[in-house]
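Reading through the structure tokens given below for one structure.
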Amino acid sequence: MFVLELTYTAPLDRIDAVLPEHVEWLKAHYAAGTFLASGRKVPRDGGLILAAGVDRAAVEEITRTDPFTVAGLATYAVTEFVATTTAPALDAYREQLPAS
């Protein structure tokens, strides 16, 4: 599983101008089953996305296609983690630690 942390590198008026495209991009990845949750950070200097079902290379490619990234308005930090404990609603995404 991955946490995608989006950080704005441009003023909010430029972010808001591209926001409709970003929302459509989000919807496409929800429809594909890749995104599980997303939202704005508080204070509003970026956002977070919880993603699953793909490998790191695929996640990094997804972040490069975000309209905010394409327009040079934001950057991403990608953190991978093993979701060994989940809420019941996320049981399908529970993972096992790799064998050592």
Tail beyond 18 Å, pair distance distribution of the chain (Cα, percent) = 47 percent
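If packing is taken as the mean number of other Cβ atoms within 10 Å per residue, what is the order of 82-93, 13-24, 60-71, highest first? Display every interim value, and only then the final one.
Values: 82-93: 10.2, 13-24: 13.7, 60-71: 16.7.
Descending packing order for the listed peptides: 60-71, 13-24, 82-93.
Using only helices, what value at 222 nm comes out for the chain when you add -39,500 (n - 2.57) per DSSP H run of length 4 or more and divide by the total residues, to the nearest 500 deg cm²/dmol? Write down the numbers at each step before the final one.
Numbers: 3 runs with 34 residues, N = 100.
That comes out to -10500 deg cm²/dmol.
Using Cα pairs under 8 angstrom and six or more residues apart, how large is the relative contact order of segment 2-93, in percent? If you can, show how the numbers build up before the last one.
Numbers: 111 pairs, mean separation 39.2, N = 92.
Once divided by the residue count of segment 2-93, the mean separation gives 43 percent.
Read-outs throughout are calculated quantities, based only on the coordinates presented, and are distinct from any laboratory measurement. Quantities reported herein were computed from a predicted structural model and do not represent experimental measurements. A quick note on method: Cβ atoms are made from the backbone with ideal geometry, for glycine too, and the neighbour counts reach across all protein chains shown.
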